[in-house]
Amino acid sequence: MNEKVHALLNQQINKEFYSAYLYLDFSNYFKAAGLDGFANWYLIQAQEERDHAMLFYTYLQNENMPVTLDAIAKPDKTFHGNMEVLQAGLEHEKYVTSLINDIYGAAYDVRDFRTMQFLDWFVKEQGEEETNANDLISKMELFGSDPKSLYMLNQELAGRIYSAPSLVL
Ligand code: FEO
């Protein structure tokens, strides 16, 4: 495997675990705010990010490439209000999309078609992640300022259940 592609794939393990850590922090924020449904939504988001990390980890192992695990950065954002958390989530997903695109670009440059095929799932997944984050912001804009509506939105988010990723390696 090309050195740059390998380094970026290995780095993405860390980035995805950081995403899990970040969303765990979001979940913790909402738990403390008494919004259990939002806390549940981000807890499941964190589980999905761990799955993403494990997919990169497994892909490198399957390719007989070394895996190096680095320290996971501390989620250090402070929020003034629920909307800021949601917006930080969207910004983070856009950042992750840019990372996936960078790996894809590096794989494309060296005609690493297997890695490109592996990444196809993530390209689609990032589209969904950004849509979900956008939807959440839209709902919050519409309903967040009315306590009764916020209660119902919280109930809706409490219903999110975890499902394993559709990509199996
Ligand atoms: Fe693993 Fe939310 O991207």
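The values are calculated or read from the model by the stated rules, or taken from the named source; none is laboratory data. Being a predicted model, the structure only gives us computed values, none of them experimental. Please note: Cβ atoms are built from the backbone with ideal geometry, for glycine as well, and neighbour counts cover all protein chains shown. With ligands, DNA and RNA removed, areas are computed over all heavy atoms of the protein, side chains included. Shrake-Rupley method; radii C 1.70, N 1.55, O 1.52, S 1.80 Å.
Annotations for the structure displayed:
- Residues of type lysines that Lys31 reaches as a straight line, Cα spacing below 27 Å, ignoring anything fewer than 8 places off in the same chain: Lys15, Lys74, Lys77, Lys94, Lys139, Lys148
- Note on Val123: accessible area approximately 70 square angstrom, rounded to 10, probe 1.4 Å, nucleic acids and ligands left out.
- Computed log10 I(q)/I(0) for the chain at 0.08, 0.11, 0.19 Å⁻¹: -0.26, -0.48, -1.19, from the Debye equation with unit scatterers placed on every C-alpha and solvent omitted.
- Fluctuation leader among Ser145, Ser19, Ser98 - the chain, Gaussian network, Cα springs under 10 angstrom: Ser145
- Residue of Phe79, Phe38, Phe122 that the Gaussian network model of the chain assigns the largest fluctuation, springs spanning Cα pairs under 10 Å: Phe79
- Net charge over other residues, Cβ less than 15 angstrom from the Cβ of Lys74 (K, R count +1; D, E count -1): -1
- Charged side chains reduced to their Cβ positions (Lys and Arg at +1, Asp and Glu at -1) give the stretch 3-158 a dipole of some 200 debye around its Cα centre.
- With the charge dipole of the stretch 1-104 set up from +1 on Lys and Arg Cβ and -1 on Asp and Glu Cβ about the Cα centre, the Cα lying farthest toward the positive end among the listed residues Phe56, Ala46, Thr97 is that of Ala46.
- Note on the stretch 109-169 and the stretch 7-64: Cα centroid distance 12 Å, given to the nearest whole angstrom.
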